[in-house]
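Coordinate-derived values only; no laboratory data. On a predicted model such as this, the values are computed, not experimentally measured, just so you know.
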């Protein structure tokens, strides 16, 4: 079953719109930034014309080409989109949870409007003076969060493709910094590059 507008419609009835859906990508990667996106959808318009964002789903369920097409559509339809990045070095310094919260706060700061409510994927509660609802598996349940997951994934993949040109030995264009056999082999042969997260065990093992 695809994500729905049920959460957003409840907020509409409560007078708590606009609401931002928030999701991140790259938490478990060995290399590259952690990226979060915030998306504010036009709930009343989508309730009348759901076909405007037909096909939006959890980014992990979609092909790369489909994600890119849907990301373009989301930018056209959304009231606002914001993206936040946290560098590998800052992920190392803060830890993954705090880095995730920072990326989400940065994404919210880049929205062109101020949301009144936050719909956050997972269990994370953001230290912000805004009412919010963490949703387990929110990217498969909630349309705003699913849209954010697509935007974040497409943005991060583009960053990693660009970095692949600078560090061609690691195959970032293939695995986008995630832990794969090929990535491990490149690490063992060449050692870590500046994109690698030194606090992550597979990278740490090569620094001992």
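Tabulated data for the structure shown
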{"read-out": "Helix-only CD estimate at 222 nm, as mean residue ellipticity for the chain, using -39500 (n - 2.57) per DSSP H run (n ≥ 4)", "value": "-13500 deg cm²/dmol"}
{"read-out": "Selected from 30, 163, 190 as most flexible by GNM, with the chain as the system and alpha-carbon contacts under 10 Å", "value": "190"}
{"read-out": "Tilt relative to the chain, helix 96-109 - C-alpha long axis, 0 to 90 degrees, to 10", "value": "50 degrees"}
{"read-out": "Degrees separating the helix 143-166 axis from the principal Cα axis of the chain, which is the longest one", "value": "30 degrees"}
{"read-out": "Mean separation of Cα contacts under 8 Å (6+ apart) over length of segment 96-147, as relative contact order %", "value": "27 percent"}
{"read-out": "Most mobile listed residue (141, 67, 123) in the chain, GNM with C-alpha springs under 10 Å", "value": "123"}
{"read-out": "Fluctuation leader among 58, 127, 92 - the chain, Gaussian network, Cα springs under 10 angstrom", "value": "127"}
{"read-out": "Matching label, Kirkwood radius over Cα pairs in Å computed from the structure shown, candidates [x] 18.0; [y] 20.1; [z] 17.4", "value": "[z]"}
{"read-out": "Rounded Å value of the spacing that divides the Cα centres of segment 5-19 and segment 52-78", "value": "22 Å"}
{"read-out": "Alpha-carbon centroids, segment 106-152 and segment 175-194: separation in whole Å", "value": "31 Å"}
{"read-out": "Nearest-ten-degree value, helix 64-77 long axis tilted from longest Cα axis of the chain", "value": "40 degrees"}
